[in-house]
Amino acid sequence: MNLTAGRSSIVLTCAILFMSTVFLSPIFAQTSVVGNAINQSTWDNGVIANPPGDGSGNGRLMVGAWSSASQIQGPPAYSFAAFGPGGLPFASGSYPYSVNIGLAGDYQVVAWIDSPGAGTGGYDLGEPRSQGAAVTIVSNSVSGVNVTITDDFDADGLPDSWEVHYFANLTNPACTPALFHSRALIFSSAPALSVSSAVISAMMSIGRR
Ligand SMILES: [Ca+2]
Ligand SMILES: [Ca+2]
């Protein structure tokens with residue numbers, strides 16, 4: 001190799017390294033979202049033996065990052081086990097987390113109480129969760145992202161696990177706080193998802209006797 005060819009080779013190598021740094025580092029950013037998951041859930045997962053629970057009384061406190069365009073459902077793209085597995089409910093308070101993110105982009109960070117033996121192993125509708133915190137990842141870690149887990153994500157006065165177990169979603173108009181508070185014990189032994197309004201009426205009439 002002559003001197004000119006050697007210099008050209010060095011220049012070419014430097015150019016490739018520079019281009020890689022400029023164009024690839026945001027894509028392959030290895031960074032973190034750091035904060036505290038604040039647990040306010042008292043879910044014990046010990047009664048409900050269908051999704052969202054498995055009836056084992058055990059779970060994990062998880063934090064996940066989903067793409068901002070994704071539905072919060074199932075396994076997240078990136079996750080961190082902040083506590084557990086262990087007996088539920090977990091003590092109220094702060095659980096530090098650090099989710100490693102491998103791809104630059106916009107994310108939603110959600111903490112939830114996972115019942116690993118039911119559903120997908122990720123977030124299943126009805127499991128206690130936090131609101132989503134919007135985070136943009138470029139090339140630096142993002143800290144101070146605190147998220148609070150409650151039993152009533154949609155703030156309608158009903159535990160989400162109960163709504164999803166008996167009504168399959170969080171939006172059934174037959175599912176009201178008055179019904180829950182007056183008939184909670186009756187429902188605790190009901191066997192199946194999607195209780196019909198006729199069944200609800202029958203159960204309420206039994207409760208009045
Ligand atoms: Ca789950
Ligand atoms: Ca609710």
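Structural remarks
- Of the residues making up region 127-167, those that are within 23 Å of Ser68 (Cβ to Cβ), touching a helix residue (DSSP H, G or I) at 6+ places or on another chain (Cβ under 9 Å), in a loop (DSSP other than H, G, I, E, B) and within 16 Å of ligand 1 (Cβ to nearest atom) are Glu127, Pro128, Phe153.
- Scanning region 106-121 for residues that are at pLDDT 95 or above and not charged (D, E, K, R) gives Tyr107, Gln108, Val109, Val110, Ala111, Trp112, Ile113.
- Answer from Tyr97, Tyr107 - the residue that is among the aromatic types (Phe, Trp, Tyr), assigned to a strand (DSSP E or B) and closer than 16 Å to Ile38 by Cβ: Tyr97
- So Thr148, is it closer than 25 Å to Gly86 by Cβ and loosely packed, with under 15 Cβ neighbours inside 10 Å: no
- Looking across region 173-199, the residues that are at pLDDT 50 or above and surrounded by fewer than 16 Cβ atoms within 10 Å (Cβ to Cβ) come down to Pro173, Ala174, Thr176, Pro177, Ala178, His181, Ser182, Ala184.
- Gly35 being at pLDDT 60 or above, surrounded by 10 or more Cβ atoms within 10 Å (Cβ to Cβ) and within 16 Å of ligand 1 (Cβ to nearest atom): no
- Residue check for Leu170: within 12 Å of ligand 2 (Cβ to nearest atom), in the same structural domain as Gly87 (by TED's automatic domain parsing) and modelled with pLDDT of 80 or more: no
- Residues within region 126-162 that are within 13 Å of ligand 2 (Cβ to nearest atom) and on the phi > 0 side of the Ramachandran plot, tallied: 3
- Against the test of being more than 14 Å from Met62 (Cα to Cα), surrounded by fewer than 24 Cβ atoms within 10 Å (Cβ to Cβ) and among the small types (Gly, Ala, Ser), the options Gly119, Gly132 yield a single qualifying residue, Gly119.
The values are calculated or read from the model by the stated rules, or taken from the named source; none is laboratory data. Just so it is clear, the structure is predicted and the values come from calculations on it, not from any experiment. Every residue, glycine among them, receives a Cβ derived from its backbone with ideal geometry; neighbour counts consider all protein chains shown.
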